[in-house]
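The values are calculated or read from the model by the stated rules, or taken from the named source; none is laboratory data. Predicted model only: the values in this text are computed from it and were never measured. All Cβ positions, glycine included, derive from the backbone under ideal geometry; neighbour counts span all protein chains shown.
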Amino acid sequence: MKRQIAESAGLPAALRVTLWPPLLGLNDAEVEEPYERLTREFGNVDPSLVRTIDGDVPRTPLDDKQRPLLRSLLLAHCVAESKWGYFQGMSDIACVALKVAADGGGSDAKAFQLLRGLLRHSSDNWSHADLEGVWRQHRTVRAVLQVVDPRLSKRLAAIDRTFGSAEEQPFSFLFGIVFLRLKRELVDLEETCRLWEVSWAIGPHFHLLVVAALVRSQRRAILRDVRAPAELHALFGKMHGTHHSEPLLRAASDLHARAEVRNVLLTGIVPLRSV
């Protein structure tokens, strides 16, 4: 199944509710009863997290019928994963889970199962308060660019030095892009689904090649126009809602075809943990 998905441009929307759980390593035993139980424990969620969720939910591109369910999914996550709590950005991930469940006729519990799977699959982004997993992914993107585009890599490193960035925390302009797996840069939720599912099918770190491809798509502007960190942040900040999945996946696949790039993925990042 993974091979067919990897070679596709994405799945039909109606099939995702069935095919995403095995892609994410989930099983049906996690669906109905646990979610219903968790909804009865919302009173145990830290009030500061509830306030943050209540501030984030109205900013999502959902209608008034969907927002109460989004809030419930996020609160249920806080009950189930109390050590993680809630990070701003989880609401974006939950919107994708809601779309997949709705497109496939899935229940609220199925949407929650998908949310848990999505967060577990990107657990390096959420499971540590110091966000070291995110910075490790940044360092891997840097290592890929050093291999495939030394000139661009040197320019970005020079800009980093003017910003005083620590060696262990490079390319701060990529933080939101890595943290949310390009969800905000893609034109809509459908394109997000396509990019994520093809990336999962190819391999657990393939999304970092998509990020590298996104950076290379701005090569001319970076080399010609960008001199300061603020200009770099502005350049990538303008990308919200502008990209389609297919060109990025194609460019990332070209990178993946290079043995030296695959070696960077094998040696440059600690494998994702099971959570």
Report task. Could you tell me whether any residue of the range 105-113 is under 24 Å from Gly241 (Cβ atoms) and out of contact with any Asp or Glu (no Cβ under 7 Å at 6 or more places or on another chain)? Result -> yes
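Every residue, every condition in (1) farther than 23 Å from Leu189 by Cβ; (2) at pLDDT below 95, yes or no:
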{"position": "Gln4", "(1), (2)": "no, yes"}
{"position": "Leu23", "(1), (2)": "no, yes"}
{"position": "Leu49", "(1), (2)": "yes, no"}
{"position": "Asp63", "(1), (2)": "no, yes"}
{"position": "Gln66", "(1), (2)": "no, yes"}
{"position": "Leu70", "(1), (2)": "no, no"}
{"position": "Val100", "(1), (2)": "no, no"}
{"position": "Asp103", "(1), (2)": "no, no"}
{"position": "Ser107", "(1), (2)": "no, yes"}
Report task. Could you identify the single residue in Arg224, Arg184 that is under 30 Å from Pro22 (Cβ atoms) and among the charged types (D, E, K, R)? Result -> Arg184
**Report entry** Matching residues, the range 69-93, being under 21 Å from Val178 (Cα atoms), surrounded by fewer than 22 Cβ atoms within 10 Å (Cβ to Cβ) and in contact (Cβ under 8 Å) with a residue 40 or more places away in the chain
**Finding:** Trp84, Gly89, Asp92
Requested in this report: Being more than 23 Å from Leu131 (Cβ to Cβ) and of a type in the set (Asp, Glu) is the filter here, so list the residues in the range 53-83 that pass it.
Outcome: Asp54, Asp63, Asp64
Query raised in the report: Val148: among the β-branched types (Val, Ile, Thr), surrounded by fewer than 20 Cβ atoms within 10 Å (Cβ to Cβ) and touching a residue at least 24 places away in the same chain (Cβ under 8 Å), yes or no?
Result: yes
Report task. Please tell me if Leu223 is of a type outside the set (Phe, Trp, Tyr) and in contact (Cβ under 8 Å) with a residue 24 or more places away in the chain. Result -> yes
Query raised in the report: Is it the case that Glu168 is surrounded by fewer than 19 Cβ atoms within 10 Å (Cβ to Cβ), in a loop (DSSP other than H, G, I, E, B) and in the same structural domain as Val261 (by TED's automatic domain parsing)?
Result: yes
Report task. Residues being within 28 Å of Glu197 (Cα to Cα) and more than 18 Å from the chain's Cα centre (by Cα): count how many of those fall in the range 27-56. Result -> 12
**Report entry** Residue count for the range 211-235, restricted to those that are buried (at least 17 other Cβ atoms within 10 Å of the Cβ) and basic (Lys, Arg)
**Finding:** 1
Query raised in the report: Which of the following residues is modelled with pLDDT of 90 or more, within 25 Å of Pro12 (Cα to Cα) and in a helix (DSSP H, G or I): Arg194, Arg184, Arg136, Arg155?
Result: Arg194
Report task. Count, please, the residues in the range 222-267 that happen to be β-branched (Val, Ile, Thr), part of a helix (DSSP H, G or I) and at pLDDT 95 or above. Result -> 2
Report summary line: Exactly one of His128, His121, His138 is surrounded by fewer than 16 Cβ atoms within 10 Å (Cβ to Cβ) and either out of contact with any Phe, Trp or Tyr (no Cβ under 6 Å at 6 or more places or on another chain) or not assigned by TED's automatic domain parsing to the domain that holds Trp20 (or both), and that one is His128
Report task. Scan the range 94-118 residue by residue and report those that are without any contact (Cβ under 8 Å) to a residue 40 or more places away in the chain and surrounded by 20 or more Cβ atoms within 10 Å (Cβ to Cβ). Result -> Ala94, Ala97, Leu98
